[in-house]
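Throughout, read-outs are computed from the coordinates displayed, never taken from laboratory work. Just so we're clear, the structure is a prediction, and the values are computed from it rather than from any experiment. Cβ: placed from backbone, ideal geometry, glycine included. Neighbour counts: every protein chain shown.
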Amino acid sequence: MDPADTPAVFLNFDVQAAQPGSQIVHFTDTLILLQTLAPLHPGSQIGVIVELLQFWVAQDAAALFGPHMQDYPPLAVFDAAMHDCMVVLVNTIMSTLEQTIPAGWLDQIATLFGIYTLRFWAVRQDLGADEPDVDIIAHVRQLLEPVFVMAQFMATHINTPVFVDNIDMVALYLTSIGISLGALHGRVVGGDREVFYRGIRMHESASMLACTYVCIQRSDLETPVPLTALLTNFELAAEPKHFADLQTLWIKDLWRLGLISSNSVHIPSAQLVSLRSPASMVPEVRSLCWCRGCTTQAPFTSRRCSHCRRVFYCSAECQRQ
């Protein structure tokens with residue numbers, strides 16, 4: 001299940017399936033937060049996003065909200081302003097970890113990312129095509145850096161009291177980002193999903209998958225889409241070796257807890273699904289040597305791992321490492 005296929009969800013935007021981006025809701029909190037932060041960071045461009053949200057709130061009050069391409073500042077200015085907002089929010093959350101997670105701030109990061117991705121849909125709607133000479137995946141990947149850094153920080157501290165007590169916030173953050181990425185691919189970028197997720201991949205992106213595994217352990221968490229629906233997307237966003245490492249650690253953890261053994265399984269179906277080998281990764285597995293640091297690609301005489309039977313190496317030397 002691709003999050004792009006989920007009905008009428010685009011973070012803080014109420015999206016009708018046939019015509020996304022039709023109505024603003026709950027932007028007041030985001031606007032107030034950024035208005036509070038802007039004076040504390042005089043060298044940033046947070047004010048650019050404040051002006052955009054003020055305009056949208058006024059448009060929504062007059063029942064005129066689009067959004068439209070002309071609502072946004074030039075892309076270079078918008079990129080810089082959004083990056084400033086993201087970095088300030090992420091750094092503030094990380095600096096206050098020992099006390100608490102500022103209420104709603106994780107959700108605001110995901111909301112801002114949704115606003116960013118919506119711009120490309122607005123351009124497609126108004127121009128009937130993408131902007132010339134704009135690499136959407138490259139722009140999105142740049143803004144995802146603080147998003148993934150936040151996920152990496154959460155994955156490192158996921159067992160601390162602050163995150164244990166706020167695991168529902170983590171789950172909502174993951175699903176919101178996943179929904180935005182799925183909608184961006186499904187409604188704007190199109191094409192091969194594997195190519196899209198490889199394009200946004202970076203070292204920290206594997207942390208999205210690590211956090212998802214932890215959240216799946218909590219069957220009581222309510223999210224806009226099932227966390228298992230995001231697994232394939234976050235697996236594709238992680239480097240194959242990182243994915244294999246994370247899933248191995250997940251299996252070891254379930255084994256340690258006594259939830260799986262050599263002859264029995266005592267885990268919910270959601271956790272069981274998370275252990276499968278995603279078919280969507282098979283082409284990459286077979287065309288890329290999994291030895292860390294090796295860049296050899298197909299065609300090569302593949303050597304399958306004798307333990308997991310899923311990982312391929314280009315040579316016996318790489319297999320031994």
Next item on the list: Could you work out how far apart the two model spin labels at Asp133 and Glu145 are, taking each label as a point 7 Å from the Cα in the direction of the beta carbon, and quote it in nm?
Entry: 2.2
Check: What list do you get for Met94, Met69 if you sort them by fewest beta carbons within 10 Å?
Finding: Met94, Met69
Notebook entry, point to check: Using the per-residue mean of other Cβ atoms lying within 10 Å as a proxy for protection, in what order, highest first, do the peptides 195-202, 258-265 fall?
Noted result: 195-202, 258-265
Next item on the list: Would you mind calculating the gained length between Asp220 and Thr36 on full extension (0.36 nm times residue separation, minus the Cα-Cα distance), in nm to one decimal?
Entry: 62.8 nm
Next item on the list: Sum up the charges of everything whose Cβ sits under 12 Å from the Cβ of Gln54, counting Lys and Arg as +1 and Asp and Glu as -1, but leave Gln54 out.
Entry: -3
Next item on the list: Mind giving me the nanometre distance, one decimal, between the label points for Ile267 and Thr28, set 7 Å out from Cα along Cα→Cβ?
Entry: 4.3
Next item on the list: Sort the following peptides by mean Cβ neighbour count (other Cβ atoms within 10 Å, averaged over residues), highest first: 139-152, 53-66.
Entry: 139-152, 53-66
Margin query: If each residue of separation counts as 0.36 nm, what is the full-extension length gain between Asp60 and Ile251 once their alpha-carbon separation is subtracted?
Written below: 64.0 nm
Note to self: Relative contact order of segment 116-255, please, whole-number percent, based on alpha carbon pairs below 8 angstrom and at least 6 residues apart.
What the structure shows: 29
Next item on the list: Using label points projected 7 Å from each Cα along Cα→Cβ, tell me how many nm separate Asp168 and Ser315, to one decimal.
Entry: 5.5
